[in-house]
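Structure first, then comments.
The values are calculated or read from the model by the stated rules, or taken from the named source; none is laboratory data. Note that this is a predicted model, so its numbers are computed, not measured. Methodologically, a virtual Cβ is constructed for each residue, glycine included, from the backbone with ideal geometry; neighbour enumeration extends over all protein chains shown.
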Amino acid sequence: MTPLGAAEVRRNCPNFYMPHRGVLTETSSTTKLRVVFNGSEKSSIGISLNDILMTGPKVQDDIFEIVQRFRLHRIVMSIQELIMLDPSM
């Protein structure tokens, strides 16, 4: 992150500083302090970063379509992978 120069501030384009805060997790062994950004915070003109970003296409099916497809077959297999983590590591 770099501060805006005088030329960027004088232009007629809006500037927005995304609010952020540090989150301290004392039990973490790798990243005790991480930065969390808030893209839904409204600016002084009443819009947020989330308001102006384009939304992408829907990437998952509706739950009704999933259940309907699940019921089409006589035999169904469901697999769930369980990963156990050793807390001493």
Discussion item. Which pairs turn up if I take residues in region 35-49 that are farther than 17 Å from Val23 by Cα and look for partners that are of a type in the set (Val, Ile, Thr) and at pLDDT below 90 with beta carbon separation below 6 Å, at least 6 apart in sequence or on another chain?
Written reply: none
Practice prompt. Could you list all residues from region 34-67 that are among the β-branched types (Val, Ile, Thr) and in contact with a Lys or Arg (Cβ under 8 Å, 6 or more places away or on another chain)?
Written response: Val35, Val36
Worksheet item: Where in the chain are the helices (runs of 4 or more DSSP H), entirely inside, with at least 3 residues that are modelled with pLDDT of 75 or more and surrounded by 10 or more Cβ atoms within 10 Å (Cβ to Cβ)?
Response: 49-52, 63-70
Worksheet item: Across region 19-38, what is the total count of residues that are within 16 Å of Leu49 (Cβ to Cβ) and polar (S, T, N, Q)?
Response: 1
